[in-house]
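Note sheet for the following structure.
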Amino acid sequence: MMNFKTMVAVSALILVTLSGCKIVRTGSAATDGAIPAGEAGDGPRINALLDRTYDQELLPLIKAKAVEAGDLRSAIAAGLDAAGAAYGYRAISDGVAWNFAVKGDGVVVADNPQARARRLSIDINGDGAADLSVQLGPVVTGTALRDIAPFYRFGDFRDQIEFARLGRALNDRALSGLARPADSLVGAKLSFTGVAAISTARDELLVLPVTLEVVP
């Protein structure tokens, strides 16, 4: 009969043998000669990918698929999966958010210019209440810009950390193309195009914009 230490060693060997994917702990060093995720090397590789795909593929995809915000809200209220099948995209069939391209215009009813995670609350139907929020950053959340695109595939990346870095780089690229006025935008009418991830029909429509402009 195997003693305890031997059983642990055999169990560990079985787990390593059966595992077909690479799991990386944050801060761990790679042992296969690759540059560890999160260190020098990822940036140039991801930036080169964005240079090839952001303007040429991602922005045209978002523009072509963008749904009017009011129509999207109504479709989601009627059934998220049906709205997702009609307008959205997700890489696997179950258990993850639907990603939508969305466009619209409306009046800003709330804004905190000093906030690091600055969000504009926008009324799109004229009733004076916020119907959605647009992230203005510099701190933003979500990876819908990455996840709405079928050409950004997890399997093409070294590990989950590098894939996460792609999501952050895409968000940074989008925000770098937007004007972020220092003054409050409350009362301004804005036109926007962007993306939003929705997990349940009750979720707020939180848009990461790729275009944002004041409408006269």
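Quick notes on this structure:
- Considering (1) out of contact with any Asp or Glu (no Cβ under 8 Å at 6 or more places or on another chain); (2) surrounded by 17 or more Cβ atoms within 10 Å (Cβ to Cβ), the lone condition that Glu162 does not fulfil carries the number (1).
- Selection status of Gly142, in a loop (DSSP other than H, G, I, E, B) and farther than 24 Å from Trp98 by Cβ: no
- Taking the criterion of being open to solvent by 60 Å² or more (accessible area, probe 1.4 Å) and within 12 Å of the chain's Cα centre (by Cα), the only residue of region 138-159 that qualifies is Thr141.
- Screening the candidates Asp42, Asp81 for the property of being open to solvent by 90 Å² or more (accessible area, probe 1.4 Å) and modelled with pLDDT of 50 or more yields one hit, Asp81.
- When region 188-201 is filtered for residues that are under 11 Å from the mean Cα position of the chain (by Cα) and open to solvent by less than 10 Å² (accessible area, probe 1.4 Å), the ones remaining, listed by number, are Gly194, Val195, Ala196, Ile198.
- Selected residue [open to solvent by 30 Å² or more (accessible area, probe 1.4 Å), closer than 24 Å to Leu80 by Cβ and either part of a strand (DSSP E or B) or acidic (Asp, Glu) (or both)] from Glu204, Glu213: Glu204
- Residue in region 172-187 that is farther than 18 Å from Ala115 by Cβ, touching a Leu at 6+ places or on another chain (Cβ under 6 Å) and either loosely packed, with under 14 Cβ neighbours inside 10 Å or touching a residue at least 40 places away in the same chain (Cβ under 8 Å) (or both) present: yes
The values are calculated or read from the model by the stated rules, or taken from the named source; none is laboratory data. These figures come from a predicted structure and were not determined experimentally. Ideal geometry is used to build each Cβ from the backbone, glycine not excepted, and the neighbour counts take in all protein chains shown. Heavy atoms of the whole protein, side chains included, go into the accessibility calculation; ligands, DNA and RNA do not. Shrake-Rupley method; radii C 1.70, N 1.55, O 1.52, S 1.80 Å.
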